[in-house]
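Worksheet: the structure to be examined is printed underneath.
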Amino acid sequence: MGRRIAVLGAGANGASVGADLTMAGEDVVLIEQWPEHVEAMRAHGVRINTPGDSTVVPVRTLHLCEVATLRHRFDVVLMLMKAYDSTWAAHLLEPYLAEDGLLVGVQNGMSVDTIARAVGGHRTLGCVIEITSMMFEPGVVERHSPYDRSWFAVGSLDPSTHGREDEVASLLRHVGRVEIVDDIRAAKWMKIVSNATTLVTSAILDLPLLEAARIPQMRELMLRSGREALDATVSLGNPVLPIFGLSKDDVVDHERVPETLLDALLQGFVLPESKTTILQDWMKGRRSEVDDINGLVARTHRELGGRAPANGAVVEVAHRIERGSVVPGPDNLVLLLELEAR
């Protein structure tokens, strides 16, 4: 019998991953909390629209509430939930994870230790993901980064899982390029550097990422936010690692790393219409992962006795948007700059 695999969280990225694994012949089930999306996939399959192509893939799905009906355990669980849902989601699947199974947080944020606390370090691997996709209609994914523009890094957290990285990498190679890294925490922090630069900042302006980055003052604020994130990880003692398929030579000049990551993202992973996951959340009336990205950077600086004014401003405006006192829009650039200067 082959490996049993679950994709926990079948939103835009999760449905893309699940569809690719299904087409590759893997034994995979998609577990999702949006009822209409589950029913649409059951009735019609999931439609994956990529630039110049559209594919409908019949997939196996479960409503979140149906997890309790499972009578078997999974060998691999790929968790593509929001970072703030990591704790309860990992605990939900823990009873259904094989004793020698692996739960992998294919997420933004630093969820790897949260997962390890829930299922044990011996059943945890860390992952960095870079896929650009959007979803607003149940059962339909707009995937802006097809296979050759999708990238993952996989790494062990605990010595007991060293040598098992390829068990997950072999799955993700059906979805995009995969690297196995020695220091997954440092690699995930490098993704924080990229995310702090781009995700919430562009969403605050209610603009696609490429359009926001073309505004000179906005690009500079984005880079200041990224530099603060890089300072945070370096201050924690983490090495500066190449991600997105870059080389070690690309990250030698630490001052330029945030710009290097930004340009790599803009040139290789997004389309002109690509809106970040944060903006998609706000368009759907949902809370964002700002506290797990820019908020993490600001907290880390405070804990180390410093400040992160750019990230602090981003967090404050994002919170105002989520409280309903500010609306996303280009005029928020002025507010961001005012708060940063305080």
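The values are calculated or read from the model by the stated rules, or taken from the named source; none is laboratory data. Since this is a predicted model, take the numbers as computed values, not measurements. Here the Cβ is made from the backbone with ideal geometry for all residues, glycine too, and neighbour counts use every protein chain on show. Surface accessibility is based on the protein's heavy atoms, side chains included, excluding ligands, DNA and RNA. Shrake-Rupley method; radii C 1.70, N 1.55, O 1.52, S 1.80 Å.
Quick notes on this structure:
- Extension gain, Arg320 to Leu210: 0.36 nm times the residue separation minus the Cα-Cα distance gives 37.2 nm.
- Whichever aspartates and glutamates have a C-alpha closer than 14 Å to that of Lys188, once near sequence neighbours (fewer than 8 apart) are set aside: Asp113, Glu130, Glu179, Asp292
- Accessible area (Å², per residue) of the chain, counting only protein heavy atoms and a probe of 1.4 Å: 40
- Arg320 - accessible surface, heavy atoms, 1.4 Å probe, Å² rounded to 10: 60
- Cβ charges +1 (Lys, Arg) and -1 (Asp, Glu), total dipole of the chain, debye: 440
- Given charges at beta-carbon only (K, R positive; D, E negative), |dipole| of region 1-144 in Debye: 220
- In this simple spin-label model, placing a label point 7 Å from the Cα along the Cα-to-Cβ direction at both Thr87 and His63 gives a separation of 2.7 nm.
- At q = 0.12 Å⁻¹, base-10 log of I(q)/I(0) for region 49-131 (Debye sum, equal scatterers on each alpha carbon): -0.40
- Straight-distance candidates among the lysines for linking to Lys275, with alpha-carbon spacing under 20 Å and chain neighbours fewer than 8 residues away dropped: Lys82, Lys191, Lys284.
- Cβ-derived FRET efficiency at R0 30 Å, Arg3 paired with Tyr147, nearest 0.05: 0.90
- Gyration tensor verdict on region 229-341 (Cα atoms; rounded if a/c is under 1.5, prolate if a/b is larger than b/c, oblate otherwise): oblate
- For region 1-150, share of DSSP beta bridges that run antiparallel, in % to the nearest 5: 25
- Accessible surface of region 113-270, 1.4 Å probe: 48 percent of it comes from carbon and sulfur atoms.
- Ligands, DNA and RNA left out, the accessible area of region 1-102 computed with a 1.4 Å probe is 52% carbon and sulfur.
- Computed about its Cα centre, the charge dipole of region 164-302 is approximately 380 debye, with only Lys, Arg, Asp and Glu carrying charge at their Cβ.
- More than 21 Å apart - percent of Cα-Cα pairs taken over region 1-140: 38
- Springs between Cα atoms under 10 Å define the GNM used for the chain, and in it the highest mean-square fluctuation of Arg302, Arg177, Arg227 occurs at Arg302.
- Maximal additional length on extending the Glu220-Ala341 stretch stands at 42.2 nm, based on 0.36 nm per residue less the C-alpha distance.
- Over all orientations, region 98-214 has a Cα convex hull whose mean projected area works out to 8.6 square nanometres.
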